[in-house]
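Rule-based calculations on the coordinates, nothing more; no lab input. Keep in mind it's a predicted model, so treat the numbers as computed, not measured. Neighbour counts run over all protein chains shown; Cβ positions are idealised from the backbone, glycine included.
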Amino acid sequence: MSTPKISINIVTYNGLKYLPHCLSSIKNQTFGDYQVLIIDNNSQDESLDFIQQNYPEFKILENKENLGFARAHNLGIDQNESEYILCLNQDIILEPNFLEEVIDFLDTNPKVGSVTSKLYFWDFKNQQKTNQIDSLGLKISKTFKISDISQGELDQNESNQPREIFGVSGAAPIYRRQALESIKLDGQYFDEDFFMYKEDVDLAFRLHFAGWQAFMISNAKAYHDRSLKSDANLVQNRQQRSAFGNYYSYRNHLFVLLKNVDLTTFCLYFPYIIGYEIAKLGYLIIFERKTLPAIIDFFKNFAKVWKKRKIIQKTAKIKQIRCWIK
């Protein structure tokens with residue numbers, strides 16, 4: 001079989017309620033040179049039965065345990081040599097011209113390593129698409145909180161021109177394989193030490209350091225049933241997330257800082273970063289003590305993360321990211 005232009009890799013975990021919508025939106029694409037690979041993290045519902053009965057042409061890679069987002073996608077990326085990879089969440093639906101738009105842009109812009117569409121909220125409960133923005137890419141604040149551009153805002157359609165951004169969200173990112181190969185570290189694209197949460201942020205930093213551009217393509221559209229919003233009230237957001245999720249989110253945020261923020265930038269924004277970290281730590285001590293062992297885990301992994309940092313800094317074509325800090 002010939003290598004497809006793009007591989008659509010979907011990590012699934014008990015996602016049966018989403019799969020009929022997600023997979024149908026893939027089948028309706030106007031661009032047909034793709035392969036679908038389902039990487040299942042040991043789902044206990046009937047997800048695999050549904051896929052096998054309704055989409056037998058889609059390949060399935062069954063894991064015997066939940067390997068997390070990063071490792072599962074790394075396994076998927078290694079399954080073929082497609083020019084582009086779409087790492088798709090199971091709770092996403094695509095507009096029919098999604099693949100056509102992003103591939104046309106990537107084909108004509110060889111310096112672009114990653115792209116995202118306009119990503120809107122999908123009101124799954126009422127089965128309605130909305131014009132409320134979920135993500136237009138990733139942005140960096142002075143505190144080094146990484147969040148989604150324009151999340152929660154209504155789309156005003158101010159411009160349909162592609163927009164350069166710092167990086168792309170992990171909900172429906174499209175990567176150029178050449179870009180991923182250029183930042184591969186210890187045989188990994190996504191850093192598997194992250195397991196889940198912030199691995200897309202870490203990858204955005206590494207692609208930036210390697211000199212690859214990221215863009216938001218406004219003519220491509222998709223919809224996401226995101227239950228947690230990065231720009232929502234922090235306390236409310238953390239209360240809605242599982243203890244497991246809070247643990248990895250906090251620990252991996254510290255990983256991102258240690259691994260990717262150069263010393264000059266850290267010193268320049270020190271008051272903002274430290275103020276934010278102290279406030280967050282105070283919240284954990286008072287309201288969320290179950291997350292505090294993540295700090296111990298961070299220091300246990302300090303040497304390993306620092307080693308990766310040194311490799312990244314040594315090989316970086318672009319040494320800092322201050323132009324993206326707002």
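A few comments on the model shown:
- Each of Ile146, Ile93 was scored by other Cβ atoms within 10 Å of its Cβ. Listed from fewest to most, they are Ile146, Ile93.
- Cα-based shape type of region 66-121, given that a ≥ b ≥ c are square roots of the gyration tensor eigenvalues and the cut on a/c is 1.5: oblate
- Amide H to amide H, with H built 1.01 Å from N, Lys59 comes under 5 Å of Val36, Ile38, counting only residues 5 or more places away or on other chains.
- Lysine-lysine proximity count for region 15-152, Cα under 15 Å, sequence distance 8 or more or distinct chains: 4
- Neighbours of Lys125 by Cβ distance under 15 Å: Lys/Arg scored +1, Asp/Glu scored -1, total 0.
- Cα pair distances in region 73-190, grouped into 5 Å bins until the bin that holds the longest one, percent each: 2, 10, 19, 22, 21, 14, 9, 3, 0
- Fewest-first ranking of Asp78, Asp191, using other Cβ atoms within 10 Å as the exposure measure: Asp78, Asp191
- Sorted peptide list for 14-26, 209-221, criterion being average Cβ within 10 angstrom, highest first: 209-221, 14-26
- Prolate/oblate/rounded label for the chain (Cα gyration tensor, a/c 1.5): rounded
- Cut-off 17 Å (backbone N to label point 7 Å along Cα→Cβ of Thr30), residues of region 177-221: 217-221
- Taking amide hydrogens as placed 1.01 Å from N in the peptide plane, the amide H of Ala220 sits under 5 Å from those of Lys118, each at least 5 positions away in sequence or on another chain.
- Region 234-324 shape via C-alpha gyration tensor axes, a/c threshold 1.5: prolate
- You can think of it this way: the chain between Asn131 and Lys145 has 2.5 nm of extra reach, that is 0.36 nm per residue less the Cα-Cα gap.
- Under the combined filter of DSSP loop state and at most 16 neighbouring Cβ atoms within 10 Å, region 151-187 retains these GluC sites (Glu not before Pro): Glu153, Glu158.
- Pairs of Lys in region 234-324 closer than 14 Å at Cα, counting only those 8 or more apart or on different chains: 8
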